[in-house]
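The values are calculated or read from the model by the stated rules, or taken from the named source; none is laboratory data. Just so you know, these numbers come straight off a predicted model, no measurement behind them. So basically every Cβ, Gly included, is an ideal-geometry build from the backbone, and we count neighbours across all protein chains shown. To get the accessible areas, we keep the full protein, side chains included, count just its heavy atoms, and leave off ligands, DNA and RNA. Shrake-Rupley method; radii C 1.70, N 1.55, O 1.52, S 1.80 Å.
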Amino acid sequence: MNEIMLQVKPVAGEIQTNFDEIEKWLEMEMRQYDGIIFTEDTRVAAKNKVSELRKIKKSIDDSRKEVKAQWMEPYNRFEARVKQMTAIVDKPINYINGQVEAFEAKRLEERQAEIQQIYNEEIGELGEFLPLYRIQSDKWQNASTSSKAIRKEMSAVISNARAGKAAIEAMQSDAVPDALRKFQSCLNLPDALNYITVYEAQKAEVLRREEERRRLEEERQRQAEIERIRAEERRRIAEEEQIRRETEAAVKAKVKSVDEVSAAPLTAPESLTAVYTVVGTEEELQELEMAMISLGLYFERKDI
């Protein structure tokens, strides 16, 4: 294809103006407004001055716009012709590029089918656990990547996933299902195993706290039972002591009382009433009573 170069020779132009004269006139005219003060009475005159100055400014700026339009006219014609020529070249570019894109789309489709076939041959029992989209690399679509390289890399990923899955399943932990899901999403075995480790540490801490709480509760209940038994023992002792005191008082009262009517025939003015506690056998007590009878003593037997 013979090439032709677009030859462009822009001609430098010059815009002739009387800038210096205008600037000198403006500086002189504007100097009269330095520090000028207007009052409420001269408000209308101030508005008129502003209007006059804006007209001067607009006149200067209109000149700029007019010159720009004239200056840009040849460029605008040049740009239009350039765009017309590039459009002529774009037609075959788009036509050919469409075919190239179709070729590339077909190649990508064939490559994806090839990748799928390799996956089907390598995945084995891990199909549900490890879908293709989780392990596919963008570089496998490149024409420079061979099928052999794809199979080698894919086989290594699947093998590592199989070993990692087995390692996680071998862990005796309630966290295995969650760890498998984590491993499935990232294929990072250390992270998955660390998840189980952290879970088990937290579980152990919870169990330790629960065991400590249970131990403290059992200790509280044991102490409460001990206190109940002690209180019951104190109550029983108090009741027995009360019964003993009441019994002793009753016995003492019974012992101290004497049937004065029966004792009157044997009582002399100087007679005294005394209480003796005698311990002996029945025979010994009978002998004692016979002795007191022989002495003419009145006595009453009150067994205790």
Provide the net charge surrounding Glu282, with neighbours chosen by a C-beta distance below 13 Å and charges set as Lys +1, Arg +1, Asp -1, Glu -1. -4
The chain: angle of helix 189-256 to the longest principal axis, Cα-based, in degrees nearest 10: 20
Taking the alpha-carbon distance from Lys203 and a cut-off under 17 Å, which aspartates and glutamates remain once sequence neighbours fewer than 8 residues away in the same chain are dropped? Asp174, Asp178, Glu211, Glu212
Among Gln242, Gln141, Gln99: highest mean-square fluctuation, GNM of the chain, C-alpha pairs under 10 Å: Gln242
Solvent-accessible area of Asp20 with every protein chain in place, 1.4 Å probe, in Å² to the nearest 10: 120
Sorted by accessible area with a 1.4 angstrom probe, largest first, how do Leu295, Leu53 fall? Leu295, Leu53
Measuring with a 1.4 Å probe in the full set of protein chains, what accessible area per residue, in whole Å², belongs to the range 1-159? 86
What figure, in Å² to the nearest 10, do you get for the accessible area of Phe19 with a 1.4 Å probe and non-protein molecules left out? 140
With springs only between Cα atoms under 10 Å, which of Ile60, Ile229, Ile37 fluctuates most in a Gaussian network model of the chain? Ile37
Given a 1.4 Å probe and every protein chain left where it sits, what share in percent of the accessible area of the range 13-59 is carbon and sulfur? 53
Ellipticity estimate at 222 nm from DSSP helix runs (n ≥ 4, -39,500 (n - 2.57)) divided over the chain, nearest 500: -25500 deg cm²/dmol
Accessible surface ranking that places the most exposed of Leu108, Leu207 first, with a 1.4 angstrom probe: Leu207, Leu108
Under the Kirkwood approximation for Rh and a Cα-based Rg, what ratio Rg/Rh is obtained for the chain? 1.69
Using the structure shown, list the pairs from Lys91/Lys139; Lys24/Lys49; Lys139/Lys182; Lys24/Lys55; Lys152/Lys182; Lys106/Lys148 with a Cα-Cα distance above 29 Å, or answer none. Lys91/Lys139
Would you mind checking the tilt of helix 19-31 against the longest principal axis of the Cα atoms of the chain, expressed as 0 to 90 degrees and rounded to 10? 50
What whole-number distance in Å separates the alpha-carbon centres of the range 277-304 and the range 70-87? 159
Taking the Cα atoms only, what angle lies between the long axis of helix 147-169 and the longest principal axis of the chain, rounded to 10 degrees? 20
Can you find, among Thr17, Tyr119, Ile36, the residue sitting farthest towards the positive end of the charge dipole of the chain, where Lys and Arg contribute +1 and Asp and Glu -1 at Cβ? Thr17
